[in-house]
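Participant: Right, I'll just put the structure down here and ask away after.
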Amino acid sequence: MTRLWFESAYLATGWASDVSVGIEDGAIVSLTHDTAPTADAERHAVGLPGLPNLHSHAFQRAFAGNTEVRGPTGDSFWTWREAMYRAVDRMDPEDVEAIAALAYVEMLEAGFTRVGEFHYLHHGRDGTPYADIGELSARIAAAAGATGIALTLLPVFYAHGGFGAQVPNHGQRRFINDVESFGRLMESARRALASLPDAVLGLAPHSLRAATTGEIAAILPLTAGPIHIHVAEQVKEVEDCLAWSGRRPVEYLLDEAPVDGRWCLIHATHMTPDETRRMAKSGAVAGLCPITEANLGDGIFPAPAFVEAGGAYGVGSDSNVRIDAAEELRLLEYSQRLAHRARNVLAMSEGRSTGAALFAAAFKGGAQALDGGPGLAVGAPADIVSLDARHPSLEGRQRAAALDGWIFATAQNGIDCVWRRGVKLVEAGRHRDRDAVRQRFRAALARIAS
């Protein structure tokens, strides 16, 4: 048995002091608090459950930082999307696996222990499916297995180029399936996950631009897992949806699809107050990606109104332009401070730690969205993060104060160790396989550039 001991730890039941954790076969088998460490226990200051990363496009890690030169007509999400299409044109399966592995190493080092991979790069360079239609899903699974991160794989159904079943453009050719071919892709993805412990298979209609509601209804029975969809990320998307249907994207989705607690609505940035209330009441999780949303100039999610209406949210690294769990939470709060010209907005009540409120909400919403575990509890996977007590911004901090220090004051990563199913993958902030993974990533970039 592996034994860990923490001065304080955030358990599924709340904060506790002097916490002893026993681990066997990847699971927490004992959990006691107010107890002295045993002689064989590895001692740490602050223990947290690993945070779920509910939205990732791993392949986009390959061009992080490469779209920051202003173009001749002004830049937006739509010009960024064209640059993304050009980048994927040159990726082969081994490149996708190498790029995903680096992203997953960086996620683990940042304190994420499960990732929701919103995977829509499916086919060969010319748009022809591979002999195994799920080849690239298998590469994602291989990257997760090699690095140790827990995987919720969300194969993406992408059939059209715009509202009203428009014909896809050339840049989208590697993403496209019909309902029949997507069913075969899902079966391949299910096989690819079979060897991964606690992997989850969901699915993701890409957006209302890329999937009709009839197609969404046809694919929903393919899995009992989570359902994710992009919605209302951009003002232009809202305008186009209104022009096509007379309704806004979130309004249309809630009217036409059986949205409930299985669903995660990614971004949902541009909503009316009525849409905000309806989405909260549906039970769906809001998948917020503050770093990417800021990088793309998307807008600011109406978080206080959504939370006040009972809504749940989690965070994701999305484009992986920067992979940093604390910064996702920090930027989520700071964007609300700028929008509302106030401080400690998402604490939501007097006397509450903002860092603790952000972490608790993002953990709970992320776990719901990814079918993840309950956190630090007996029987749960031993997916645990320790904060670096030697970091100047964490020195002497415990419980909620440690979360405030980590989220708002660590100029560098405040993560010390990360265990996944009881295996220590990260120590002193560094993944055990970082060097080998980086070498394969560099080789992939060289191939893509050649």
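Each value in this text was obtained by applying a stated rule to the coordinates, not by laboratory testing. Predicted model, so just to flag it, every value in this text is computed and none were measured. Cβ: placed from backbone, ideal geometry, glycine included. Neighbour counts: every protein chain shown.
Participant: Taking the chain as the reference, fit the longest principal axis to its C-alpha atoms, fit the long axis of helix 434-449 to the helix C-alpha atoms, and give the angle between the two in degrees, 0 to 90, nearest 10.
Facilitator: Approximately 20 degrees, to the nearest ten.
Participant: Tell me which of I216, S282, A189 sits at the most positive position along the dipole axis of the stretch 51-370, charges placed on C-beta atoms (Lys, Arg +1; Asp, Glu -1).
Facilitator: S282
Participant: How much length is gained if the chain between A83 and Y334 is pulled fully straight, taking 0.36 nm per residue apart and subtracting their Cα-Cα distance, in nm to one decimal? Before the final figure, lay out each step's value.
Facilitator: Values: separation 251, 0.36 × 251 = 90.36 nm, distance 2.84 nm.
Full-extension gain reported as 87.5 nm.
Participant: Would you mind checking which residues have amide H under 5 Å from I28's amide H? H placed 1.01 Å from N; only 5 or more apart, or other chain.
Facilitator: Result for I28 returns G379, A380, A382.
Participant: State the Cα centre-to-centre distance between the stretch 97-125 and the stretch 220-253 in whole Å.
Facilitator: The stretch 97-125 and the stretch 220-253 have Cα centres spaced 24 Å from each other.
Participant: Given the options V259, V21, V69, state which has the largest fluctuation in a GNM of the chain using a 10 Å cut-off (strictly under) for Cα springs.
Facilitator: For the chain, modelled as a Gaussian network with Cα springs under 10 Å, the answer is V69.
Participant: Continuing with the same structure: Could you tell me how far the Cα centroid of the stretch 390-450 sits from the Cα centroid of the stretch 320-334, in Å?
Facilitator: Distance between centres, Cα-based: 14 Å.
Participant: Kindly express, to the nearest 10 degrees and within the range 0 to 90, the angle between helix 93-110's C-alpha long axis and the longest C-alpha principal axis of the chain.
Facilitator: Relative to the chain, helix 93-110 is tipped by roughly 40 degrees.
Participant: Against the empirical 2.2 N^0.38 Å scaling, what ratio does the C-alpha Rg of the stretch 253-406 come to? Please report the intermediate quantities before stating the final value.
Facilitator: Numbers: Rg = 15.9 Å, N = 154, 2.2 N^0.38 = 14.9 Å.
With N residues counted in the stretch 253-406, Rg over 2.2 N^0.38 Å equals 1.07.
Participant: Also, I was wondering about something else. Work out Dmax and Rg for the stretch 51-370 from the C-alpha atoms and quote the Rg first, both in angstrom.
Facilitator: Just the Cα atoms of the stretch 51-370 yield Rg and Dmax of 18.3, 58 Å.
Participant: To test your reading of the geometry: what angle, between 0 and 90 degrees and rounded to tens, separates the Cα axis of helix 135-147 from the longest principal axis of the chain?
Facilitator: 10 degrees
Participant: Now for a separate question. Under 29 Å Cα to Cα from K424, which lysines show up? Leave out anything in the same chain fewer than 8 places away.
Facilitator: Excluding near neighbours in sequence, the set is K364.
Participant: Please name which of I300, S393, C241 has its Cα lying farthest along the dipole of the chain towards the positive end, using unit charges on Cβ (Lys, Arg +1; Asp, Glu -1) and the Cα centre as origin.
Facilitator: Among I300, S393, C241, the one farthest towards the positive end of the dipole of the chain is S393.
Participant: Here is a follow-up. Let me know the volume per residue of the alpha-carbon convex hull for the stretch 26-178, in Å³.
Facilitator: Numbers: hull volume 27.8 nm³, N = 153.
Taking the convex hull of the Cα positions in the stretch 26-178, it is 181 Å³ per residue.
Participant: Ok, one more. Roughly how big is the chain's charge dipole about its Cα centre, with Cβ charges of +1 (Lys, Arg) and -1 (Asp, Glu), in debye to the nearest 20? It would help to have the intermediate numbers written out before the result.
Facilitator: Values: 43 positive and 54 negative charges, 86 e Å.
Roughly 420 debye, rounded to the nearest 20.
Participant: Let's see if you can work this out: charge +1 on each Lys and Arg Cβ, -1 on each Asp and Glu Cβ, no other charges. What is the dipole magnitude of the stretch 311-356 about its Cα centre, in debye to the nearest 20?
Facilitator: I would put it at about 220 debye.
Participant: From the backbone phi of the stretch 285-299, what are the Karplus-calculated ³J(HN,Hα) couplings (6.51 cos²θ - 1.76 cosθ + 1.60, θ = phi - 60°) in whole Hz, Gly and Pro given as x?
Facilitator: 8, 7, x, 9, 10, x, 5, 5, 4, 6, 4, 8, x, 5, x
Participant: Using the Kirkwood radius over C-alpha pairs as Rh, can you work out the diffusion coefficient of the stretch 105-224 via Stokes-Einstein at 20 °C, viscosity 1.002 mPa s, in µm² per second?
Facilitator: Translational D for this selection: 146 µm²/s.
Participant: Let me check against my output: what whole-number percent is the relative contact order of the stretch 51-370, with C-alpha pairs under 8 Å and at least 6 apart? Walk me through the numbers on the way to the answer.
Facilitator: On the way: 634 pairs, mean separation 63.7, N = 320.
Computed value for the stretch 51-370: 20 percent relative contact order.
Participant: Here is a further query. Would you kindly compute the Cα radius of gyration of the stretch 167-319 and its largest Cα-Cα separation (Dmax), both in Å?
Facilitator: 15.8, 46
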